[in-house]
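The values are calculated or read from the model by the stated rules, or taken from the named source; none is laboratory data. Computed from a predicted model, the values in this text were never measured in an experiment. Positions of Cβ are backbone-derived with ideal geometry, glycine not excepted, and every protein chain shown enters the neighbour counts.
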Amino acid sequence: MRHVTPILIIHLVLVAILTGCTTPTGGHSAGTGATHASDATNESGSLAADRQVRYANGAVAADSKPASEAGVEILKAGGNAVDAAIATALTLSVTRPYSCGIGGGGFMIIFVEETGESRALDYRETCPMRVGPDFYAKLPATASGYDPSLYGGRAVGIPGQLPGMIAAHEAFGTLPLETLVAPAVRAARDGFAVDANYLGAVEKVRSLRKAHPDLRPTCRWVWDNLCRRGVIELGDVIRQPELAEYLERFGREGIAAWSGPDGIAALLTGVDRAFDGVLLPGDIDDYEVVWRDPLVVEEIFDDYDALLMPPPSSGGIAIAQVLAMMEHRLPSAGDPLPGTPAYSHLMTEAMRHAFADRARHLADADFVDVPVDRLLDRAMIERAADRIDFDDVLESDSCGVIEGDSPDVLRDEGTSHFSVIDSNGMTVACTQTINGTFGSMLAVPEIGVILNNEMNDFTTIPGESNLFGLKQSDRNLPEPGKRPLSSMSPTILLQNGRTSVTAGASGGPRIITGTLQVLLAVIHGEETARAAVEASRLHHQWKPDILRLEAGLLGLRPELEATGHVVEETGGVGVVQAIVVHENGLEPASDPRKGGAAAGW
Ligand code: GLY
C-alpha cells in the first residue's frame, strides 16, 4: 500500500498556474500527435466511467478498453494476474494490431506479493541466423529510398510473443490456455470499434503508400483488411476471422500451434522470404524466451524498492539512474517543486546523462559486456548528478554516469504497455511491441498476424540513428540470436514488500521518460494514478540535443531556454498505463493520449 511522501502535494496547483492547465478533474489538455489521440474519444466513447474508480479485487490498465476488460474477465473467473495478463496481451494483438501482437515480442515483470518472488520474462524478438553486423550496410538502396530495416522482410526479427505467453502460463498460470484466449477470440471474431488512435495508424499507412509506391505490395494485406483501403471512420467494426481461428487453435494446442512440426514456421517465413527477408523455419523453431532476474534498486526516495527490466531493456537502468539523481540533487537545490523550471531542468539533465549511457554502453548483455554494476553504482550516479549546474546545461560530451570512452554514437509507434494487479497483490507489468506502426507492414494472411520491424532497434548502420532518432553504439549491431536494445520499461515500485505502483509505457525512448515522470509524480505525493498519468511531460534523449515539452509545459519554455536548453513542443511523451495501490483500493489509469480505458472489479 502506498505511503505518500508528503513533500510536494501542492505541485498540481503550481503546474496549473504555470502552464495554464486545468486541474486533472477538468479537461486537462494532453498533447496531440500522430499516436496521441484526443482524450475525448476512445473505444467506449468516454473516459469518464473509469476515472477515479477504486477496485477491491483486481485491476487492469491497458491502452484499449476491450483488452483491460479481457483481463478483468479472467480475474473474475478466478485467474491470477498472470492469467489476466495473457488474456490482455492476446486481446491487444486484436484491438491494437499496429502496436503489438503475435508477430512481435515483449517484456513482463511479475511480482508475487505472497512470497516476495520477482521474475522478468524476456520474449523480445531476436536476430535471424542469416543476419550479421554488416547486413544492412551491404544492402543496395531501395527504389524509393525507404529503410529496409523498417519495412518488408528484412525488417523482421524472430517473434517471441507466443513462446512468451506459454512460458508465463507454464510458470504462473492457473486457468487453461483455452479460457485465456477466449476474450481475444471473441474480439477478433465479433470485432471491435475503431477509435481515434486506430485512425491515426491508418493515416500512417496511407502516407507511407503515398511516399513509397514500391511498398504498396508490402502493405497490401494491412491496407485492404485492417485499413479498409482508407475508407474507414470512427466506430467502424473491424473483424479478424483468420486471427480468431488461429488464436482458438493456440488455445487448444499451445506452442505446437506456433513452432515444431505442426507449427506455422513455413507459412511465416514464406511471407518474409517473398518480401526479401531471410527468416528460416529454424529461426522460429529454435527461438527461446529468457527468464531474467529483475534489477532491484532499494530505498529510492527512502521508501521505495524498484523492480526494473534488465538489459536488453535500457529502460530499467535509465529510470534507476534518473530517480537516484533526482533524489540526490533535489534537496541541495532547495526541493524545487515538480513543474517548476528548476525541477524540469534537473530532470532534463538527468535524462541526458542516462540517455548518453544508453547510447554508449547498452545492448544485449548476453552478447556484449554491459557495465550494469557501474551504471547503477550509487556513488557514480551521484557524482554525475553533482555535475548538473542549475544555471547552465552540460556539454553533450560530458553527459553520462560513465564519462568518456564514447564510440561515435550517436517516437508511440508499435508498442503497448499494460499493468495488472490481482486480489493477492500479484502484479504484472508488461510492455509489448512490433516496433513501428503495423511493424514491417507485412502480414501472414492465413492467420492475420502482422510481422514486427524490430530489426530497426539494432544499430543497423553504424553512426546513423533509428526510427526514434536514437543513436546507438556498435555494441548493438545485429548478430544471430541477439536481442536488439529496447526502451521498454515495465516497472513495479514496492513499499514494505508490497506493490505500491506499477507503470510502463509505449513511445520508443519516450517510454523511459514517460514512465519515469509518472513514477516521480506518485513518489512526490500525487494523489491519483489518473492525475499522475494525465499530467504534462517533457522528454530529452541526449541526442538530438533538444528538450521536448508537451503543450501543458510550454509555460516553462522561457526559463528553460534562458538556462541553455534548445526547446521544442512535442505532441506527446509516451503513453503510460499505471495502477496505484491506495488504502481504499486499486486505481488503474490508462493514458488519454492513446484513448485507452482501464477496468477492474
Ligand atoms: N520497439 C521499441 C523498443 O523496444 O524500444
Which numbered condition ILE317 misses (of (1) buried (at least 21 other Cβ atoms within 10 Å of the Cβ); (2) out of contact with any helix residue (DSSP H, G or I) (no Cβ under 6 Å at 6 or more places or on another chain)): (2)
Which residues, counting only those in the stretch 151-204, are of a type in the set (Val, Ile, Thr) and either part of a helix (DSSP H, G or I) or crowded, with 24+ Cβ neighbours inside 10 Å (or both)? VAL156, ILE158, ILE166, THR179, VAL181, VAL185, VAL202
If we take the stretch 283-343, then strands (runs of 3 or more DSSP E) inside it with 3 or more residues that are of a type in the set (A, V, I, L, M) are 295-300, 304-308
Would you pick out the residues in the stretch 412-466 that are within 20 Å of PRO294 (Cα to Cα), out of contact with any helix residue (DSSP H, G or I) (no Cβ under 8 Å at 6 or more places or on another chain) and assigned to a loop (DSSP other than H, G, I, E, B)? GLY425
What's the number of the only condition in (1) surrounded by fewer than 17 Cβ atoms within 10 Å (Cβ to Cβ); (2) modelled with pLDDT of 95 or more; (3) under 20 Å from GLN517 (Cα atoms) that ALA333 fails to meet? (2)
Is there a residue in the stretch 430-445 that is within 16 Å of the ligand (Cβ to nearest atom), surrounded by fewer than 24 Cβ atoms within 10 Å (Cβ to Cβ), hydrophobic (A, V, I, L, M, F, W, C) and over 16 Å from ARG96 (Cβ atoms)? no
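Filter the stretch 446-463 down to the residues that are more than 16 Å from the ligand (Cβ to nearest atom) and not small (Gly, Ala, Ser), then identify the one that is nearest to the chain's Cα centre (by Cα). Give the steps one after another, and end with the answer.
Of the stretch 446-463, the ones more than 16 Å from the ligand (Cβ to nearest atom) are 446-449, 461-463.
Remaining after also requiring not small (Gly, Ala, Ser): 446-447, 449, 461-462.
Numbers: GLU446: 28, ILE447: 25, VAL449: 20, ILE461: 24, PRO462: 25 Å.
Across the stretch 446-463, the extreme among qualifying residues is VAL449.
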Positions within the stretch 354-374 being surrounded by fewer than 23 Cβ atoms within 10 Å (Cβ to Cβ) and in a helix (DSSP H, G or I), in sequence order: VAL372, ASP373, ARG374
Evaluate the stretch 254-264: report whether one residue or more is part of a helix (DSSP H, G or I) and on the phi > 0 side of the Ramachandran plot. yes
Kindly provide the set of residues from the stretch 408-429 that are modelled with pLDDT of 95 or more, buried (at least 24 other Cβ atoms within 10 Å of the Cβ) and not aliphatic (A, V, I, L, M), ordered by number. THR415, SER416, HIS417, PHE418, SER419, ASP422, THR427
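What strands (runs of 3 or more DSSP E) lie completely within the stretch 474-576 and have 2 or more residues being within 16 Å of the ligand (Cβ to nearest atom)?
Values: elements: 491-495, 498-506, 547-550, 567-570.
Filter on the stretch 474-576 gives 498-506.
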Residue that is surrounded by the most Cβ atoms within 10 Å (Cβ to Cβ), among those in the stretch 69-124 that are within 16 Å of the ligand (Cβ to nearest atom), under 16 Å from HIS169 (Cα atoms) and not aliphatic (A, V, I, L, M): GLY105
Looking at LEU485, LEU470, can you tell me which residue is within 22 Å of ARG360 (Cβ to Cβ) and at pLDDT below 95? LEU470
Out of curiosity, is LEU553 more than 30 Å from ALA84 (Cα to Cα) and surrounded by 21 or more Cβ atoms within 10 Å (Cβ to Cβ)? yes
Please give the number of the condition LEU467 fails out of (1) more than 12 Å from the ligand (Cβ to nearest atom); (2) among the hydrophobic types (A, V, I, L, M, F, W, C); (3) surrounded by fewer than 24 Cβ atoms within 10 Å (Cβ to Cβ). (1)
With respect to ASP262, is the statement that it is farther than 20 Å from VAL94 by Cα and within 27 Å of the chain's Cα centre (by Cα) true? no
Residue check, ASP283 within 16 Å of the ligand (Cβ to nearest atom), on the phi < 0 side of the Ramachandran plot and in contact with a Pro (Cβ under 6 Å, 6 or more places away or on another chain): no
Counted residues in the stretch 290-319 being β-branched (Val, Ile, Thr) and within 16 Å of the ligand (Cβ to nearest atom) come to 3
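Out of the residues in the stretch 570-581 that are of a type outside the set (Val, Ile, Thr) and at pLDDT 95 or above, state the one that is nearest to ARG498 (Cα to Cα). Steps first, please.
Applying the first criterion (of a type outside the set (Val, Ile, Thr)) to the stretch 570-581 yields 571-572, 574, 577-578.
With the extra rule that they be at pLDDT 95 or above, the set shrinks to 574, 577-578.
Numbers: GLY574: 26, GLN577: 19, ALA578: 16 Å.
Only one residue fits best here, namely ALA578.
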